[in-house]
Amino acid sequence: ARAAGQNSLRFVDLDMQTAIATRAALEADMRLGLERGEFLLHYQPQVDARGDPTGAEALVRWRHPRRGLVSPAEFIPLAEETGLILPLGQWVLESACTHLASWGARPGTAGLTMAVNVSARQFRHPDFVRQVLAVLERTGADPRRLKLELTEGLLIDNVEETVARMIALKAQGVGFSLDDFGTGYSSLAYLKRLPLDQLKIDQSFVRDVLAGGNDATIARTIITLGKSLGLAVIAEGVETEAQRDFLAQHQCDAFQGYLFSRPLAADLIDAFMGARTR
Ligand code: C2E
Ligand code: CA
Ligand code: CA
Ligand code: CA
């Protein structure tokens, strides 16, 4: 038994070494990938209660030369740990705003908004506000059409500084949505102090909204909470008509999910918007 125990310990060690080596390789690959232009954006439509598109969320993709398309769920956490999220996030913002500016230039798509994910580390960087304003300037995108998605993690420490940054960007018209709402550690006291425009109900609550458990109550409560704070509410991960109908009945304003569209490559999102807007 002892020997077997030692053996399994050795296996754990090897597994850990492999994991560390894999992460190191991934990190090196990511650096190179940024230089080589292997990252791209997909865009997932957001629609109003009538099903008309109001904009899209930019979602990053990595086309790795050997591994193919790598999911952001795999590389965003590593990018956050290593700090690579800073150049990557900057690239995402620049590309999304370039696309947003192209919408602004055409009458049929001029009113659409672009939602961009911002990680806590990116938001906390001392130059963040200046960088966003510089990107807007460079790309010619309308700040009033840009919506930054923040997560609850940001609310925990230094609320003062968070509020100050949000206000600086809001002064130029930039909007804010609180992403994955209900999954983190939001305190209602902080929530009240943040100059948000929108709450985004996490897909984990949307998924089982009709399953008869607590999720219907949670979803309804988030909508009521958002409304009472004067915020718009959007639901993500909407896959069925029944989910959409339930949420719409409870005054959810906007929807995003496979029911309407999967995230689309740049040319396809323009076709989608072109066909559905006027
Ligand atoms: P998220 O911000 O919560 O994005 C929503 C995720 O749900 C996306 O996964 C999207 O493709 C997926 N999704 C959309 N509709 C449905 C649906 O109806 N059903 C299901 N099952 N899934 C749906 P994706 O693109 O793999 O992104 C995963 C996460 O990676 C994002 O979660 C976000 O946290 C992060 N991420 C993606 N792009 C960026 C980025 O540019 N910057 C940062 N910081 N994070 C990003
Ligand atoms: Ca998001
Ligand atoms: Ca989300
Ligand atoms: Ca989510």
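Here are a few things to note about the model shown:
- Residues of region 245-272 classified as crowded, with 20+ Cβ neighbours inside 10 Å and more than 20 Å from the chain's Cα centre (by Cα), total: 1
- Residue match in region 241-256 (condition: over 28 Å from G111 (Cα atoms) and either in contact with a Leu (Cβ under 6 Å, 6 or more places away or on another chain) or within 16 Å of ligand 3 (Cβ to nearest atom) (or both)): yes
- Residues of region 116-137 classified as among the hydrophobic types (A, V, I, L, M, F, W, C), in contact with a Leu (Cβ under 8 Å, 6 or more places away or on another chain) and more than 16 Å from ligand 2 (Cβ to nearest atom), total: 5
Residue by residue, here is whether (1) among the small types (G, A, S); (2) within 16 Å of the chain's Cα centre (by Cα); (3) modelled with pLDDT of 95 or more; (4) away from ligand 3 (no atom under 16 Å from the Cβ) holds:
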site: L146; (1), (2), (3), (4): no, yes, yes, yes
site: G153; (1), (2), (3), (4): yes, yes, no, no
site: K170; (1), (2), (3), (4): no, no, yes, yes
site: G175; (1), (2), (3), (4): yes, yes, yes, no
site: G182; (1), (2), (3), (4): yes, yes, no, no
site: K192; (1), (2), (3), (4): no, no, no, yes
site: K200; (1), (2), (3), (4): no, yes, yes, no
site: D208; (1), (2), (3), (4): no, no, no, yes
site: A219; (1), (2), (3), (4): yes, no, no, no
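- Residues of region 70-90 satisfying the condition of being within 17 Å of the chain's Cα centre (by Cα) and among the small types (G, A, S): S71, A73, A79, G89
- Qualifying residue in region 249-257 (condition: more than 23 Å from R50 (Cβ to Cβ) and in contact (Cβ under 8 Å) with a residue 24 or more places away in the chain): no
- Single unsatisfied condition, K170 versus (1) within 16 Å of ligand 2 (Cβ to nearest atom); (2) more than 21 Å from E241 (Cβ to Cβ): (1)
- Count of residues meeting criterion [part of a helix (DSSP H, G or I) and buried (at least 22 other Cβ atoms within 10 Å of the Cβ)] in region 224-238: 1
- Filter pass, L93 being of a type outside the set (F, W, Y), part of a helix (DSSP H, G or I) and within 16 Å of the chain's Cα centre (by Cα): yes
- Single residue of R106, R130, R138 found to be over 18 Å from the mean Cα position of the chain (by Cα), among the charged types (D, E, K, R) and modelled with pLDDT under 95: R106
- For region 124-165, the candidate set comprises residues that are out of contact with any Lys or Arg (no Cβ under 9 Å at 6 or more places or on another chain), surrounded by 15 or more Cβ atoms within 10 Å (Cβ to Cβ) and basic (K, R); within that set, the residue that is farthest from L178 (Cα to Cα) is R145.
- Meets criteria (more than 16 Å from ligand 3 (Cβ to nearest atom) and surrounded by 16 or more Cβ atoms within 10 Å (Cβ to Cβ)) for R106: no
The values are calculated or read from the model by the stated rules, or taken from the named source; none is laboratory data. Keep in mind that what you see is a predicted model, and the values were worked out from it rather than measured. Backbone-built Cβ (ideal geometry, glycine too); neighbour counts: all protein chains shown.
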